[in-house]
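Quick notes on the structure that follows.
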Amino acid sequence: MHLRFYNHERILGSGPNATVVYSVHRTSSSSVSGFGNVYVYDNLLRAGVETDSPIIGRNQGMGVGSSMAENSGLTNFQLVFTAGEYNGSSLALQGLFPVAPLGTVFERAITGGTGKFRLARGYLLTSEVHATNTTLTGQLDAYISFR
């Protein structure tokens, strides 16, 4: 199964509407993945890249700056579907999040799921496709199999 959706983030430091915040800001680095930093997020999942495309769920999770070089962090998150065909279901994911230029594709593991995604395994390819001073939009391609 292949699903595509878009993560719409209000970036760290973008004011009271930010969907990413530090829970521990250990270093003075400007990078969210500064070694020892812990951050949490609750981003919108939309059907399309446009900011007015239908909301289909949320990307809720946390990350830890796990690289001394401050070039990546470890993420653990849930894609929680709140509308459409997969309403009430979720996917569990984990993996590294690199600090990389816009358009870089990286992979994280699908480790499970609930509802229609029970016993899911697979991988998620992510590519940041649009950025402004306050927002970041990522294309998420989930490749899912079931045991």
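The values are calculated or read from the model by the stated rules, or taken from the named source; none is laboratory data. Given the structure is predicted, the values throughout are model-derived calculations rather than measurements. Virtual Cβ from ideal backbone geometry, glycine too; neighbours counted across all protein chains shown. Remember, those area values only see protein heavy atoms, side chains included, never the ligands or the DNA or RNA. Shrake-Rupley method; radii C 1.70, N 1.55, O 1.52, S 1.80 Å.
Considering only residues of segment 80-118 that are of a type in the set (Ser, Thr, Tyr) and under 20 Å from GLN139 (Cβ atoms), which is modelled with the lowest pLDDT?
Ranking the candidates gives THR104 first.
From the list GLY73, GLY34, which one is modelled with pLDDT under 95, assigned to a strand (DSSP E or B), touching a Ser or Thr at 6+ places or on another chain (Cβ under 9 Å) and buried (at least 19 other Cβ atoms within 10 Å of the Cβ)?
Testing whether each residue is modelled with pLDDT under 95, assigned to a strand (DSSP E or B), touching a Ser or Thr at 6+ places or on another chain (Cβ under 9 Å) and buried (at least 19 other Cβ atoms within 10 Å of the Cβ) leaves just GLY73.
Within segment 91-140, which residues are surrounded by 13 or more Cβ atoms within 10 Å (Cβ to Cβ), within 23 Å of SER33 (Cα to Cα) and among the small types (Gly, Ala, Ser)?
ALA92, GLY95, ALA100, ALA109, SER127, ALA131, GLY138, listed by residue number.
Within segment 51-63, restricting attention to residues that are surrounded by fewer than 17 Cβ atoms within 10 Å (Cβ to Cβ) and farther than 16 Å from THR137 by Cβ, which residue is nearest to the chain's Cα centre (by Cα)?
The qualifying residue nearest to the chain's Cα centre (by Cα) is GLN60.
Checking the conditions here, which among GLY88, GLY48 is touching a Phe, Trp or Tyr at 6+ places or on another chain (Cβ under 8 Å), open to solvent by 30 Å² or more (accessible area, probe 1.4 Å) and in a loop (DSSP other than H, G, I, E, B)? If you could, list the steps in order and put the result at the bottom.
On the way: GLY48 fails: open to solvent by 30 Å² or more (accessible area, probe 1.4 Å).
GLY88 is the lone residue from the list that is touching a Phe, Trp or Tyr at 6+ places or on another chain (Cβ under 8 Å), open to solvent by 30 Å² or more (accessible area, probe 1.4 Å) and in a loop (DSSP other than H, G, I, E, B).
Given the residues LEU3, LEU12, which is the only one that is aliphatic (A, V, I, L, M) and touching a residue at least 60 places away in the same chain (Cβ under 8 Å)?
LEU3
In segment 19-31, which residues are open to solvent by less than 50 Å² (accessible area, probe 1.4 Å), part of a loop (DSSP other than H, G, I, E, B) and either under 24 Å from LEU124 (Cα atoms) or out of contact with any strand residue (DSSP E or B) (no Cβ under 9 Å at 6 or more places or on another chain) (or both)?
Within segment 19-31, THR19, SER31 meet the criteria.
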